[in-house]
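Colleague: Below are the structure tokens for one structure; questions will follow.
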Amino acid sequence: MSLKNIKTGNRVEIFLNSESGKDIKYTSLVEKNYKDKRLLLYIPMMYGKIIKLPIDREYLFTFFTEAGILKYNASIKEYVYMDDFNFMIIEVNSEIEKVQRREYFRFDCVLPLKFIRISDSVYYEKEDYFFEGTVKDLGEGGIRFISNENIEIGEKIKFFITLNYECAIVNGNILHKQEYPKSNFKYQYRTQFFDINEEEKNKILKYIFFEQRFKARKDREDIDENELI
């Protein structure tokens, strides 16, 4: 396993020890992999403020990639400002520390959802068979969604997820179900995708990456406005 598995848009967690001995965690995103042990990351933010960590100190960086969760020791070499964004260049100082089981980052969102139940490998795509719900978080591996339709754990569902200007069509298994009888939506579900093709997966990844960059730009604008007050 090498740095080649780290790609643009991968989520990053940065850990450092505080004076109290407790770990502090910041989050970031990969903008570019220079493929020479250097990576370009967005500067982490907390409570609307940019966090500039000391340069040349070693930190633990955890990358959430398609190959799994990769952990490296790395140091921040410099801070740069490009294309209206603040970045930091880090340099990896160690071999891979740990590779965990394959996991996927989930992006919090609110998206319209339609779905149909799959029965005996037959897809019922007539309008009468469509149910509605709302996506609450989204990743390339699955979604969490709410709906008033009562679905059993283990059922297979075909999802039609509206992503801004396009629709991702994916199949998923219901893994977990939670009931909220007094809520506007009575059920919450967690799912895992299966047989997802590259085109649909890329739609999801493109949406997540675009929304993360939009949020980063909005946070940057909010900071600039606060500095003018």
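Colleague: May I ask you to list pairs of residues, at least six apart or on different chains, whose Cβ atoms are under 6 Å apart, with the first in region 19-31 being within 18 Å of T65 (Cα to Cα) and the second being surrounded by 10 or more Cβ atoms within 10 Å (Cβ to Cβ) and modelled with pLDDT under 80?
Modeller: Listed pairs, sorted by first residue: L29/Q212.
Colleague: On to the next question. Only one residue in K52, K7, K35 is modelled with pLDDT of 85 or more, in the same structural domain as S94 (by TED's automatic domain parsing) and out of contact with any strand residue (DSSP E or B) (no Cβ under 8 Å at 6 or more places or on another chain), so which one is that? Steps first, answer last, please.
Modeller: Details: K52 fails: out of contact with any strand residue (DSSP E or B) (no Cβ under 8 Å at 6 or more places or on another chain); K7 fails: out of contact with any strand residue (DSSP E or B) (no Cβ under 8 Å at 6 or more places or on another chain).
Step by step, each of K52, K7, K35 is checked, and only K35 is modelled with pLDDT of 85 or more, in the same structural domain as S94 (by TED's automatic domain parsing) and out of contact with any strand residue (DSSP E or B) (no Cβ under 8 Å at 6 or more places or on another chain).
Colleague: While we're on this one: Does I14 count as in the same structural domain as E95 (by TED's automatic domain parsing), touching a strand residue (DSSP E or B) at 6+ places or on another chain (Cβ under 7 Å) and at pLDDT 85 or above?
Modeller: Numbers: in the same structural domain as E95 (by TED's automatic domain parsing): yes; touching a strand residue (DSSP E or B) at 6+ places or on another chain (Cβ under 7 Å): yes; at pLDDT 85 or above: yes.
Judged against the criteria, I14 is a match.
Colleague: Now a separate question. When residues of region 70-96 are filtered for being part of a strand (DSSP E or B) and among the polar types (S, T, N, Q), how many remain?
Modeller: From region 70-96, those part of a strand (DSSP E or B) are 70-82, 85-92; that's our starting set.
Now drop any that are not among the polar types (S, T, N, Q), which leaves 73, 75, 86.
Residues flagged as part of a strand (DSSP E or B) and among the polar types (S, T, N, Q) within region 70-96 amount to 3.
Colleague: Same structure, new question: What residue, of L205, L175, is outside any strand (DSSP E or B) and either closer than 23 Å to R11 by Cβ or in contact (Cβ under 8 Å) with a residue 12 or more places away in the chain (or both)? Explain how you work it out, then say what you get.
Modeller: On the way: L175 fails: outside any strand (DSSP E or B).
Testing whether each residue is outside any strand (DSSP E or B) and either closer than 23 Å to R11 by Cβ or in contact (Cβ under 8 Å) with a residue 12 or more places away in the chain (or both) leaves just L205.
Colleague: Restricting to region 45-72, what's the tally of residues that are of a type outside the set (A, V, I, L, M, F, W, C), under 15 Å from K25 (Cα atoms) and surrounded by 14 or more Cβ atoms within 10 Å (Cβ to Cβ)?
Modeller: Summing the residues that are of a type outside the set (A, V, I, L, M, F, W, C), under 15 Å from K25 (Cα atoms) and surrounded by 14 or more Cβ atoms within 10 Å (Cβ to Cβ) in region 45-72 gives 4.
Colleague: So which residues in region 152-168 are touching a strand residue (DSSP E or B) at 6+ places or on another chain (Cβ under 8 Å), part of a strand (DSSP E or B) and either of a type in the set (D, E) or closer than 17 Å to V110 by Cα (or both), if there are any at all? Working first, answer last.
Modeller: So the first thing to find is which residues in region 152-168 are touching a strand residue (DSSP E or B) at 6+ places or on another chain (Cβ under 8 Å), and the list is 152-163, 167-168.
Filter again for part of a strand (DSSP E or B), leaving 156-163, 167-168.
Passing the criteria: F159, F160, I161, T162, L163, C167, A168.
Colleague: E91 fails exactly one of the following numbered conditions: (1) without any contact (Cβ under 8 Å) to a residue 60 or more places away in the chain; (2) within 22 Å of the chain's Cα centre (by Cα); (3) surrounded by 13 or more Cβ atoms within 10 Å (Cβ to Cβ); (4) over 20 Å from K206 (Cβ atoms). What is the number of that condition?
Modeller: Condition (2) is where E91 drops out.
Colleague: Tell me yes or no: at least one residue of region 156-166 is under 26 Å from K7 (Cβ atoms), in contact with a Pro (Cβ under 7 Å, 6 or more places away or on another chain), exposed (fewer than 15 other Cβ atoms within 10 Å of the Cβ) and not hydrophobic (A, V, I, L, M, F, W, C). First the steps, then the outcome.
Modeller: Filtering region 156-166 down to residues under 26 Å from K7 (Cβ atoms) leaves 159, 161-166.
Cutting the leftovers down to in contact with a Pro (Cβ under 7 Å, 6 or more places away or on another chain) gives us 162.
Subsequent filtering for residues that are exposed (fewer than 15 other Cβ atoms within 10 Å of the Cβ) retains 162.
Within this subset, residues satisfying the condition of being not hydrophobic (A, V, I, L, M, F, W, C) are 162.
For region 156-166, residues under 26 Å from K7 (Cβ atoms), in contact with a Pro (Cβ under 7 Å, 6 or more places away or on another chain), exposed (fewer than 15 other Cβ atoms within 10 Å of the Cβ) and not hydrophobic (A, V, I, L, M, F, W, C): present.
Colleague: A further question follows. So in region 21-36, with the set limited to residues that are among the hydroxyl-bearing types (S, T, Y) and in a strand (DSSP E or B), which one is surrounded by the fewest Cβ atoms within 10 Å (Cβ to Cβ)? It would help to see each step written out before you state the result.
Modeller: Our first condition is that a residue be among the hydroxyl-bearing types (S, T, Y); within region 21-36, this holds for 26-28, 34.
If we keep only those that are in a strand (DSSP E or B) as well, we get 26-28.
Working: Y26: 16, T27: 14, S28: 23.
Top of the filtered list is T27.
Colleague: Suppose the filter is outside the structural domain of L111 (by TED's automatic domain parsing), at pLDDT below 90, among the charged types (D, E, K, R) and surrounded by fewer than 19 Cβ atoms within 10 Å (Cβ to Cβ); does D219 pass it?
Modeller: Numbers: outside the structural domain of L111 (by TED's automatic domain parsing): yes; at pLDDT below 90: yes; among the charged types (D, E, K, R): yes; surrounded by fewer than 19 Cβ atoms within 10 Å (Cβ to Cβ): yes.
Yes: the conditions hold for D219.
Colleague: Something else about it: What is the residue count in region 37-69 for residues that are not in a loop (DSSP other than H, G, I, E, B) and not aliphatic (A, V, I, L, M)?
Modeller: Going residue by residue through region 37-69, those that are not in a loop (DSSP other than H, G, I, E, B) are 38-42, 45-46, 49-50, 58-65, 68-69.
Next cut, not aliphatic (A, V, I, L, M) only: 38, 42, 49, 58-59, 61-65, 68.
Here the count works out to 11.
Colleague: Moving on to the next point. Since E149 meets every condition but one in (1) in a loop (DSSP other than H, G, I, E, B); (2) at pLDDT below 90; (3) among the acidic types (D, E), which condition does it not meet?
Modeller: For E149, the failing item is (2).
Colleague: What number of residues within region 37-73 are among the acidic types (D, E) and touching a residue at least 24 places away in the same chain (Cβ under 8 Å)? So that I can check it myself, show each step before the final result.
Modeller: Residues of region 37-73 among the acidic types (D, E): 56, 58, 66.
When the remaining residues are screened for being touching a residue at least 24 places away in the same chain (Cβ under 8 Å), the result is 58, 66.
Number satisfying all stated conditions: 2.
The values are calculated or read from the model by the stated rules, or taken from the named source; none is laboratory data. Since the structure is predicted, the reported quantities are computational estimates derived from the model, not experimental observations. Virtual Cβ from ideal backbone geometry, glycine too; neighbours counted across all protein chains shown.
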